[in-house]
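Okay, structure first, notes after.
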Amino acid sequence: MADVQPFRGLRYRTQDLGKELCPPYDVISSHEQSALYELSPNNAIRLELGISDASDSDSDNRYTRASILLADWVKEGILIRDDTPTIYAIRETFVHEGIQKIRRSLFARVRLEEFSRGIVLPHEETSSGPKKDRLGLIKETNANLSPIMGIYRDNTGEINNLLSQTMYQTPTDSANYNQGTLELWAIEDTRINEQITSSLKNSSIYLADGHHRYETSLAYLKYQNTLSPLNESDPCHFILMCLIEIEDSGLIVLPYHRIMRHLSDARFDTMMNLIRTNFQVREFDLSDILHPVQKIQIEQEQDQSCLGLIANQTNTLYILNRNNDAESHISPLEKCMTQFLGKQVIEPLLGSQQDAVEKGMLTYTHDSTELENLVLTGEWQCGFVLPPLSLNLFESVVSGGQRLPIKSTYFSPKLPTGLVINQLI
């Protein structure tokens, strides 16, 4: 089953590691990109998401510049490769909704597997644009710059015990990052690493975050194999993964909400007819509600299939409870509200969600406050506030070989880029 191995990680050697880390590419705004450039001349943003230039060419672009910079940082000792194959234990301390949380994980390299083998399982659909971008980067840098997030189930509790024993010791490195702390333990003990590898051997790994990068790594492996036949131990057969136990108290899944605009009165009426067919609907005048999102979230605490719809077109907050008859005899996938809403309302209304995004009629956000502001200010027309997906339902969908629509989950906090890099050469 899963082939999880130690590797010689490439790591910063600095007194202020937090200044060198950055979020993954897909959540970095242009403003944050500029701020990270200013934070440190060695910040990983220069590798992860370099700034494009109007004069970029096939031979000089942000991918080639990242490759040159990576080589320079290794040569200058800014990044140093560990001497011994290592698995890295990570402890993240952060605040979520005013409560301090701790998330524990392992950084290791995991053998790439086609999804059809059922060893590494995806949970979301992907789109082509990000994969093209990430393939350009990995071809030039020959490295996994950022980890993808995988989830496993520790049925024996052995890995949990090994993490606890490891984290009694002084960490190898630590950083203040993202208003929290990160601690890293480099596990070089061959015996412990073999125990971890053995414990995960019969496990499936569920992809939580990083689907585009995983599929990109599969494409990169095939590309490298066309250049020169690879053996099974070649580094290209592996990908850097952060592994988190599904019962970890710091594993947080937030929803992605849907926001729409450019709906004519007729199309809006069609949407409401579709909604009334599939949901029980309660209506509230937005003028009477100070914080509509808070009201929706209170309702969702009572009913995990509850949605909220904020519509400036009618100045109305709609509370939507799924019809009882829609709940009978349905698959785990159909129980997921992104799937149900997409198939029963959004796609009949707009067609392909990807096309709707490209036309500027649909967008996604994991920030419910942002949704509220965009709709109430009139910048967008209406927004669906979705409930979070439970990890039990997540596991049922994924283990059954099904995939959710794109932007169904937001695992928080996002993993930092630059903590450990996996070189593929």
Exercise. Output ³J(HN,Hα) for segment 64-69: one whole-Hz value per residue in order, computed from phi by the Karplus curve 6.51 cos²θ - 1.76 cosθ + 1.60 with θ = phi - 60°, and x for Gly and Pro.
Key: 5, 5, 5, 5, 5, 5
Self-check item: Selection of GluC sites (Glu not before Pro), segment 347-380, meeting DSSP coil and at most 11 other Cβ within 10 Å
Solution: GLU379
Exercise. Taking the Cα atoms of segment 299-425, report the difference between the largest and smallest coordinate on each principal axis, in whole Å and largest first.
Key: 58, 39, 30
Quiz item: What net charge is computed for the residues neighbouring LEU182, neighbours being all others with C-beta under 9 Å from the C-beta of LEU182, Lys and Arg scored +1, Asp and Glu -1?
Solution: -2
Quiz item: For the chain, what relative contact order do you get, as a whole percent, if you take Cα pairs closer than 8 Å and at least 6 residues apart?
Solution: 25 percent
Exercise. First check a/c for segment 231-354, with a ≥ b ≥ c the square roots of the eigenvalues of its C-alpha gyration tensor; if it is under 1.5, answer rounded, and if not, answer prolate when a/b is larger than b/c or oblate otherwise.
Key: prolate
Self-check item: Heavy-atom accessible area per residue - the chain, 1.4 Å, Å²
Solution: 45 Å²
Quiz item: So what are the ³J(HN,Hα) numbers for segment 98-104, from phi and the Karplus equation (6.51, -1.76, 1.60; θ = phi - 60°), rounded to whole Hz, Gly and Pro as x?
Solution: x, 10, 6, 10, 10, 10, 10
Practice problem: Could you size up the charge dipole of segment 52-157 around its Cα centre, putting +1 on the beta carbon of Lys and Arg and -1 on that of Asp and Glu, and report it in debye to the nearest 20? | Solution: 440 debye
Quiz prompt | Orientation-averaged projected area, Cα convex hull of the chain (nm²) | solution = 22.2 nm²
Quiz prompt | Gyration tensor verdict on segment 22-108 (Cα atoms; rounded if a/c is under 1.5, prolate if a/b is larger than b/c, oblate otherwise) | solution = oblate
Quiz item: In debye, nearest 20: dipole of the chain around its Cα centre with unit charges on the Cβ of K, R (+) and D, E (-)?
Solution: 560 debye
Quiz item: What do the square roots of 5 times the Cα gyration tensor eigenvalues come to for segment 212-288, in whole Å, largest first, as semi-axes of the equivalent ellipsoid?
Solution: 48, 21, 11
Practice problem: Find the lysine pairs in the chain meeting two conditions, Cα atoms under 21 Å apart and a separation of 8 or more places or different chains, and report how many there are. | Solution: 18
Quiz item: Roughly what % antiparallel, to the nearest 5, for the DSSP beta bridges in segment 126-270?
Solution: 60 percent
Quiz item: Counting DSSP beta bridges with both partners in segment 260-401, what percentage is antiparallel, nearest 5?
Solution: 100 percent
Quiz item: Given THR190, ILE148, SER305, which one lies farthest toward the positive end of the charge dipole of the chain, if we put +1 on the Cβ of every Lys and Arg and -1 on the Cβ of every Asp and Glu?
Solution: THR190
Quiz prompt | Relative contact order, percent, segment 95-190 [alpha-carbon distance under 8 Å, six or more residues apart] | solution = 17 percent
Quiz item: DSSP beta bridges in the chain, what fraction antiparallel, as a percent rounded to 5?
Solution: 90 percent
Quiz prompt | Shape category assigned to segment 79-232 from the gyration tensor of Cα positions, a/c cut at 1.5 | solution = prolate
Quiz item: Between GLY360, GLY50, GLY180, which gets the highest mean-square fluctuation from a Gaussian network model of the chain, Cα cutoff 10 Å?
Solution: GLY360
Practice problem: Would you calculate, for the chain, the mean residue ellipticity at 222 nm contributed by helices, counting each DSSP H stretch of 4 or more residues as -39,500 (n - 2.57) and dividing by all residues, to the nearest 500? | Solution: -9500 deg cm²/dmol
Quiz prompt | Accessible-area composition of the chain, carbon plus sulfur, in percent [1.4 Å probe] | solution = 45 percent
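The values are calculated or read from the model by the stated rules, or taken from the named source; none is laboratory data. Here the structure is a predicted model, which is why all the values come from computation and not from measurement. Cβ atoms come from the backbone with ideal geometry, glycine included; neighbour counts cover every protein chain shown. When the accessible area is computed, the model is the full protein with side chains, heavy atoms only, and any ligands, DNA or RNA have been set aside. Shrake-Rupley method; radii C 1.70, N 1.55, O 1.52, S 1.80 Å.
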